[in-house]
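Notes follow the structure.
The values are calculated or read from the model by the stated rules, or taken from the named source; none is laboratory data. Treat the numbers as computed from the prediction; the structure is a model and nothing was measured. FYI the Cβ positions are ideal-geometry reconstructions off the backbone, even for glycines, and counts take in every protein chain you see.
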Amino acid sequence: MEVLGQWKQGIAYPHWASLAHWGYGEARFLFYPPASWTLGALIGSVFPWKMVPGIYIWIALSASGFSMFVLARRWLDQRDAVFAAALYAANPYYIVIVYWRSAFAELLAGALLPLLLLFVLRMEREGRRMVVPLALVVMAAWLTNAPSAVMVNYSLALLVVALAILQKSPRILVLGGAAVVLGAALAAFYILPAAYEEKWVNIAEVLAPGVRPQDNFLFTAINDPDHNRFNLLTSIVATAEIIILFACAWLARRWRDSPKEGWWLLVLWASAAILLMLPITAIFWQYLPELRFVQLPWRWLLCLNVAFALLVCIGLRRWFNRAVLCLGLLLVIASVWHRVQPPWWDNAADVEEMHESVHTGEGYEGTDEYVPAGDDAYELNKAAPLVSTDQVGSSSVRIQGWRAQTKTFSVDVNNPGMLLPRLFAYPAWRVEVNGQVVQTHSEPVTGQMTIPVTAGHNQVKITFERTRDQRLGDAISVGTALLLIFAGVARRKASLRTS
């Protein structure tokens, strides 16, 4: 909703969520990848907001089904590939995401995983032609969901190493490494600012108790009943999938048409995902780079379900057996639904209430990890005016413009003092008073911005600037994209000359 509002202000790529924390803002859009909130805003620009979640989910699940169909056609006939696509698009973990978690960005990222495996397998024959498609998958993962991007990079490394060993081809390792680097470079406009500016916010809150890896291994319990119920729910769903997966993997192993290298890659990928959901891999979560930012080990179900859908189709050839399996999975979902934790979601009235809060500028509750470092958003005064002063009865404030990334106003004061705009202090804000850049400060505890002014009339302009890390990230992404375009054009001309 806020993104669409900022588009209407002429801000193509928002960086500052101005209505978060009831109008004090946060740097949400610098750290949360753009794909999901861009898609949501696009849908919201056409349809009523109460319809947006359903349409978004339909698009995400359809994309997952299409990508699985393309992968499954490598081994299965059309009818079986359609079943694999349907099973993947309606797998139990997706149902948990839709009805319990509402993790829309993660749901969208699931559509990339079948393509990841497909391009790795095609690398065996097509070699360097698959570097760019793989890089685009890596880029898309970074721009969709950061935890999923971490899983995609580790999955790509595992699959590439395994294929290189099976094929006895070290060249595959080089091509896979090139895809990782190229994909990261294409997404540098997001990755670089997010990595550099994380020291400016309370990013450690993403690993607060309850959302740390050690708190979310399968069947882990902590001193939080709500957490424990949901962890039990996901653990039961995961266990059901794991049992079925290994049974179908065994049946697929004996099937004469089952793909040899594909079977090994599927089983290896699924096995790694399963191990990472168990406490025995705690040391890896502690020391492997960025793995802890996946937060929730059972998120690896996202990867496991690629193998799950394919191995079920390859291992169970009879439609009756497939129907029994689907019925059993539905019973598992119904059981945890009624006996462990009922699902929750916002209804149409809740969505409309949020829309009204955004439309009126009242704002909404923000996210702890995107608050400027050291600040406590819970101590903010929600009733504070847009601009106040530290002087009583001796000032007048006139708001001339209060947009997401630009604030202009004038203040007349009798004595030198401090202005307090309804805004968090953040290093990217540039503040000018009477045309001169001034150094701002922040209130203790809350982190609200304070601006020094002199006696008399003060014209103030506050602008959210593109910092050097943002400009460098933009340059890397644009430069990499241009390099790929020029290389593609040159290759095309060379092939035309030879033909």
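Comparison of L291, L232 shows that the only residue that is among the hydrophobic types (A, V, I, L, M, F, W, C) and closer than 15 Å to M151 by Cα is L291. R299 meets all of the listed conditions (1) in the same structural domain as E241 (by TED's automatic domain parsing); (2) basic (K, R); (3) over 26 Å from the mean Cα position of the chain (by Cα) but one, namely (3). Quick check, is L291 at pLDDT 95 or above, surrounded by 24 or more Cβ atoms within 10 Å (Cβ to Cβ) and assigned by TED's automatic domain parsing to the domain that holds A221? It is false that L291 is at pLDDT 95 or above, surrounded by 24 or more Cβ atoms within 10 Å (Cβ to Cβ) and assigned by TED's automatic domain parsing to the domain that holds A221. Summed over segment 185-228, the residues that are surrounded by 14 or more Cβ atoms within 10 Å (Cβ to Cβ), of a type outside the set (A, V, I, L, M), touching a helix residue (DSSP H, G or I) at 6+ places or on another chain (Cβ under 7 Å) and outside any helix (DSSP H, G or I) give a count of 6. Contact annotation: residue pairs with Cβ atoms under 6 Å, 6 or more positions apart or on different chains, pairing a residue in segment 147-161 that is buried (at least 23 other Cβ atoms within 10 Å of the Cβ) with a partner that is acidic (D, E), are S148/E106.
If the requirement is being closer than 23 Å to A157 by Cβ, among the small types (G, A, S) and under 27 Å from the mean Cα position of the chain (by Cα), which of these qualifies: A221, A273?
Within the list A221, A273, the selection yields A273.
Would you call V358 of a type in the set (A, V, I, L, M) and farther than 30 Å from F47 by Cβ? Lay out the reasoning, then the answer.
Numbers: of a type in the set (A, V, I, L, M): yes; farther than 30 Å from F47 by Cβ: no.
Answer is no for this residue.
Per the conditions (1) surrounded by 16 or more Cβ atoms within 10 Å (Cβ to Cβ); (2) touching a Pro at 6+ places or on another chain (Cβ under 9 Å); (3) closer than 30 Å to E2 by Cα, the sole criterion not satisfied by W345 is (1). Please go through segment 391-445 and give me each residue that is assigned to a strand (DSSP E or B), among the basic types (K, R) and within 21 Å of E26 (Cβ to Cβ), ordered by number. Once the filter is applied, which keeps residues that are assigned to a strand (DSSP E or B), among the basic types (K, R) and within 21 Å of E26 (Cβ to Cβ), segment 391-445 yields K407, R430. Among the residues that make up segment 301-316, is at least one of them within 30 Å of A20 (Cα to Cα) and modelled with pLDDT of 95 or more? Yes, the conditions are met somewhere in segment 301-316.
Selection of first residues in segment 291-308 that are without any contact (Cβ under 8 Å) to a residue 60 or more places away in the chain and of second residues that are among the acidic types (D, E), restricted to Cβ pairs under 9 Å at least 6 apart or on distinct chains, gives an empty result.
Which of (1) of a type outside the set (G, A, S); (2) surrounded by 14 or more Cβ atoms within 10 Å (Cβ to Cβ); (3) more than 23 Å from L156 (Cβ to Cβ) is the odd one out, the single condition D350 does not satisfy? Every condition holds for D350 apart from (2).
Selection over segment 378-409 of residues that are hydroxyl-bearing (S, T, Y) and at pLDDT 95 or above gives a count of 2.
Screening V336 against (1) surrounded by fewer than 16 Cβ atoms within 10 Å (Cβ to Cβ); (2) closer than 30 Å to N231 by Cβ leaves a single unmet condition, (1). Does A428 satisfy the criteria of being touching a residue at least 60 places away in the same chain (Cβ under 8 Å) and surrounded by fewer than 18 Cβ atoms within 10 Å (Cβ to Cβ)? No. Could you list, ordered by first residue, the pairs with Cβ atoms under 6 Å in which the first is in segment 476-493 and surrounded by 10 or more Cβ atoms within 10 Å (Cβ to Cβ) and the second is part of a helix (DSSP H, G or I) and of a type outside the set (D, E, K, R), at least 6 apart or interchain? Listed pairs, sorted by first residue: I476/A185; I476/A188; S477/L186; S477/A188; S477/F189; T480/A185; T480/L186. Output yes when any residue across segment 149-169 is over 29 Å from G447 (Cβ atoms), more than 21 Å from the chain's Cα centre (by Cα), of a type in the set (K, R) and in a helix (DSSP H, G or I), and no when none is. Among the residues of segment 149-169, not one is over 29 Å from G447 (Cβ atoms), more than 21 Å from the chain's Cα centre (by Cα), of a type in the set (K, R) and in a helix (DSSP H, G or I), which makes the answer no. Scanning segment 110-136 for residues that are within 11 Å of L71 (Cα to Cα) and surrounded by fewer than 18 Cβ atoms within 10 Å (Cβ to Cβ) returns a single hit, R122. Selection over segment 337-364 of residues that are among the aromatic types (F, W, Y) and part of a loop (DSSP other than H, G, I, E, B) gives a count of 2.
Every listed requirement among (1) within 26 Å of the chain's Cα centre (by Cα); (2) within 28 Å of A179 (Cα to Cα) is met by F464 save one, (2).
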